[in-house]
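A quick write-up on the structure given underneath.
The numbers here are math on the coordinates, done by the rules we state, and not lab data. Predicted model, so just to flag it, every value in this text is computed and none were measured. Because the Cβ atoms are built from the backbone with ideal geometry, glycine has one as well, and the counts that use them run over all protein chains shown.
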Amino acid sequence: MMEDRQSDVVPREFLCCSLCQDEYQDPKYLPCLHSFCKACIDDHIEATCNQDRCFSCPVCATEIDLSQEASIELPDNTLVRRLSCPNTVRDKRKKTCGQCDNAGSSFPASVHCVNCDEFLCENCAAKHLDQEETVSHKTQTIDKFEEGDNGWSSGSQLPTLPRCCQYYDALDIGSVYCVDCELCLCPECHKREHDDHRCAEVSAIALNFASKIKRPMKELKKDKKSLQKALASLEKAKNSTFKNELDMKDCVRKRTGMLCNLIKEYETILIMELEKRYSQNLNMIREKEEVIKKHLASIAVVTDLTEKLLVFGSDEEKVSLRRKIGGRVRELCEYRLPSKQVHLTKCVLSEPAVTVESICEMFGELKNHSSLEKKKLQAASHSVDLGVMSRRNRHSISSTEEYPLELAGLGEYEDEAEEDTDMLSESNTSDALRPASSLFSTSGNSNEEMRLSNKSSYSPRPENTTHEPDNEVKRTIGTQEDFPCHNLEEPVREMRFPDAIISECIKGVGVNHLGDIIVGTVSPGGCSKVFILEQHGIIRGQIPIVKNWGIHSISADGKISLVMPRSESKYKVKVMSGDNNVDVLADGHIESFGLNFVTATKEGKLLVAASRYATTNAILGRSGKYGGNITLYDQKGSVERVLTNDTFSSLHMDLFDRPHYISTDKRGNFFVADPGRHSVIGFTPGGDFLFEYGNTDAEEELYQGPDIICTDHHNNVIVFDKKDNRIDVLNYEGHLQRCYFPNEHVRFISSTPDNHLMLVNSEGLIRYFDYI
């Protein structure tokens, strides 16, 4: 009766395997205490166990290591087994059919029902399994039942603790449990082998366990309630998120419909206006037609009458009509012909001055729901001293200086959001939206640049096909005002070049668009190599340079420039990409006096920087004239344009002295570092002037270089001055965004695809810093 009452209150979920969702068959438990059928957990282990003999619990994902166990046999869960079959003990019961006995006849039983714990003959067993309420019962043969009996029925409590010998009786007053050996002892074994061990009665140990486990169980129940509450909150937040998503999608569709309706209304207005204007034109044409037709009718009647009079008229008729015909002809000849062109109104639909940002302003931006007053209050209460330093008074920030940063507590869900977030601030400058922005760009003679909301973003002007500089472009020169400067002290990560690279002379270092590091080296014997390193510094491959070719430069974006001298001023050049395939971007012959730098755009246009350019003299012949210049070659190797100081004479400025380094971006814009003029100059793909940033005559010097220049994915130009050990970040308008000062001597810099600044020092140590 006690077991029956326990079975009534035990939940079915406790007695069902979570894998097969059915009652336990030979239940086993894992170290995490989750129980499963033996067949179910064996299948799971076979399917998920790895080479280290580890698998995860299918419920809580606890990792279980079988390599530490002597056997993979899992322990039985006797509690679940006893509660699954809560029946009375069968002691020497007769193996006869119970249903036939009740009917007054006696037949030997051949089947045992596990669920009902009843013996049945073959006929009664078939009827038993055909009934709807007992169709799912488990049955077994009498032989199998007797094999598993052994004095313990399937419904009675199986022994769960190891026993010392066959004479152990749990009801014996002297029987104890050895805590040290974890063994049930009879009185004889206790005195003989375990007298000095910690022993106590099983009931006392169970009572002690029950009293001590109450407190941690109470804590676990509190944790369970907290986690259940958190799950309920998360479920509420998930439902709220789904609802908000549906509401916002519906709002977007309604907004789109509203804008479409406005466009259709404006379409109707325009069509009505067009009909009105063209109706006026048609009326003017019709009036003009009427006048011309009437004049033609007047001429026709006079000419017809005159011709007929001359042919068929008598002399008297001619004399009679001569004055009238002559007067009418004279009137018609003197009449001003209505052949003047009609001035008609021609309608032209202007191009829409629509940009991505204007569409966003009309449509609306996605923002988190919060009040403006709350945002202002937060901005006032959480202001932080960022440690902005004056450029003139550069002081290193001591590690002992404290800049308290008070972070607002993050709300768990959207109702507790503390700050508006512009969801389109990044996407407005993305590559995916640039084709859309080109559809709305203004065509014609307008050279106005479209600038997006991000201050560092830039869309270049259309190339000037006449190769004449824009007279309206003004020189942008760096001023001596204070601007944000920071020390680069804590790298995100660092590594070192392999010994194979450090042992050689490094010509240049760059990073390709995949993040691989491209290193050009020259050995003491004069052999040149190009190494390709993956992001963690492991050499992925090396390319030996063919004899007579030399590495001229490695650009910051990983392009490899090779040069073979042909004469004093003629070279064979080859520029290769730094990708895995090392494709040849440009290959040709050039003439250059004072060659400084060679690179190419991704389209294959060659860019050459030199300190002198070719000129023809009647006496000296072809020679080099002093003056920095940039020569642009097309994909066929022909000179497309030569940029000199004379090219920009209309701007009243000298741009070049000794152009030393060129960097290109993905659009084809290129930027030149000129240490002779101590400035950085930006150009469009066609060679039109963008900006100049650098030293001025009126202010103190900004640069002693610059030496290296590169671009990043955020439309920034990064300038490095080796002598001043200074790194500036400019936008495409030539405005300084921020300034950094490394705490070590740096040889090479580059930007990585994951928005890090890579610095390489003279000892071959590579460090990555956050700079955006």
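Per-structure values
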read-out	value
Alpha-carbon centroids, region 676-741 and region 502-575: separation in whole Å	25 Å
Computed FRET value (nearest 0.05) for Lys276 with Arg330, which takes r as the C-beta separation and R₀ as 35 Å	0.20
Proximal lysines relative to Lys222, as straight alpha-carbon distance under 23 Å, when same-chain residues fewer than 8 apart are discounted	Lys212, Lys214, Lys236
Reachable lysines from Lys602, criterion Cα separation under 19 angstrom, eight or more residues apart if same chain	Lys559, Lys574, Lys636, Lys666
Under 17 Å from Lys229, Cα to Cα: lysines that are on another chain or at least 8 residues apart	Lys218, Lys221, Lys238
Local electrostatic count, Arg81, Cβ distance below 12 Å [Lys/Arg +1, Asp/Glu -1]	0
Net length gained if the chain between Arg496 and His197 were fully extended (0.36 nm per residue, minus Cα distance)	101.5 nm
Inter-part distance where region 172-196 and region 305-326 are each reduced to a Cα centre, Å	161 Å
Distance in nm between pseudo-label sites at Leu19 and His713 (7 Å out along the Cβ direction from Cα)	4.4 nm
Descending Cα extents along the principal axes, region 561-691, whole Å	47, 35, 24
Full-stretch length increase - Lys212, His536 - with 0.36 nm per residue and alpha-carbon distance subtracted	111.4 nm
Quotient of Cα Rg and 2.2 N^0.38 Å for region 665-772, N being how many residues it contains	1.04
Two-site FRET efficiency, Arg255 against Glu235, from Cβ-Cβ distance with R₀ of 25 Å, rounded to 0.05	0.25
FRET efficiency, Glu265 to Leu366 (Cβ-Cβ, R0 35 Å, nearest 0.05)	0.85
Contour excess over end-to-end distance, with Cα ends at Cys181 and Ser503 and 0.36 nm allotted per residue	109.4 nm
Bins of 5 Å, starting at 0 and running to the largest distance - Cα pair percent for region 174-234	4, 16, 18, 12, 9, 9, 8, 8, 7, 5, 3, 2, 0
Student exercise, region 224-338 dipole from Lys, Arg, Asp, Glu Cβ charges, in Debye to nearest 20	1280 debye
Proximal charge balance of Cys57 [Cβ under 13 Å; K/R count +1, D/E count -1]	-1
Sequence ranges 190-200, 252-262, ranked by mean other-Cβ count within 10 angstrom, highest first	190-200, 252-262
